[in-house]
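A.B. asks: Here's a structure for you.
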Amino acid sequence: MTDLSGLVAGFGRFRENHFETDLFKRLSEQGQAPKVLVLGCCDSRVDPAIILDCAPGDLFVIRNVANLVPPFENSGHYHGTSAALEFGVCNLGVEHIIVLGHAQCGGIRALLEGPPPEVEHSFVRNWMKLADSAREAACSRHTDAKDDLLARDCEKLAILASLENLTTFPWIESRVEAGRLLLHGWYFDIECGMLLANRGGVFEPLRPEKRD
């Protein structure tokens, strides 16, 4: 069992080093106004704010299994991801949405191999059906379901599927068409520390600009 005292000590360092600053005073008084929404995976290794070295208030972050976006629909069920997207776009007026996938994604692995045998009614399996098109496209190019290349391909194709689903939301589509909102697909390769961006279906490295 993890000793939670380390988390409490961490909160103390947070208060000392971050909370008791002008930044949090301003965020408390003026509210949040992020320009970038990041939809990332709930994997504990890929915190968007840490990967992108952002301060509190910089990003509006949504995290779920495998960073998936469901298509727009209003059947009356619970829609946590869709509700967060609506708040970020319509209430906060973000100007960019980044779907941030990553290597070694457990959700994609479950999509390819299935959930653990002891899970009879798997929430993960049902959720990952959103990426069935990515799985089918990746499997058509690879034969071994346990091949790492298959998983990497499927992870990237799932990002493209989520980007496509984003455009099914009318309030996203209208803003994209008006040039008020830009959609991006990024992929963090946790194995080599590279950040890739979708360029017409091909993921290419994003390289930070050198500063003098």
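The values are calculated or read from the model by the stated rules, or taken from the named source; none is laboratory data. Model, not experiment: these values are computed from the prediction. Note that we place each Cβ from the backbone using ideal geometry, even for glycine, and neighbour counts take in every protein chain shown.
A.B. asks: Could you pull out every one of the helices (runs of 4 or more DSSP H) wholly within region 1-102 that has 2 or more residues that are among the β-branched types (V, I, T)?
C.D. replies: Ranges flagged: 48-51.
A.B. asks: Of (1) without any contact (Cβ under 8 Å) to a residue 60 or more places away in the chain; (2) touching a helix residue (DSSP H, G or I) at 6+ places or on another chain (Cβ under 9 Å); (3) assigned to a helix (DSSP H, G or I), W127 satisfies all except one. Which?
C.D. replies: (1)
A.B. asks: Does region 181-200 hold any residues that are closer than 29 Å to C90 by Cβ and in contact with a strand residue (DSSP E or B) (Cβ under 6 Å, 6 or more places away or on another chain), and which are they?
C.D. replies: L182, L183, H184, G185, W186, Y187, F188, L195, A197, N198
A.B. asks: Then there is this: Go through V61, V94 for me and flag whichever is crowded, with 17+ Cβ neighbours inside 10 Å, among the β-branched types (V, I, T) and over 12 Å from the mean Cα position of the chain (by Cα).
C.D. replies: Just a single option satisfies the conditions, and that option is V94.
A.B. asks: Return the residues of region 103-120 that are among the acidic types (D, E) and part of a loop (DSSP other than H, G, I, E, B); say none if nothing qualifies.
C.D. replies: Once the filter is applied, which keeps residues that are among the acidic types (D, E) and part of a loop (DSSP other than H, G, I, E, B), region 103-120 yields E118, E120.
A.B. asks: Here is a follow-up. Restricting to region 134-161, and then to whatever is assigned to a loop (DSSP other than H, G, I, E, B) and of a type outside the set (D, E, K, R), can you tell me which residue is modelled with the lowest pLDDT?
C.D. replies: A145
A.B. asks: Among (1) within 15 Å of the chain's Cα centre (by Cα); (2) surrounded by 13 or more Cβ atoms within 10 Å (Cβ to Cβ), which single condition is R125 missing?
C.D. replies: Of the numbered conditions (1) within 15 Å of the chain's Cα centre (by Cα); (2) surrounded by 13 or more Cβ atoms within 10 Å (Cβ to Cβ), the odd one out for R125 is (1).
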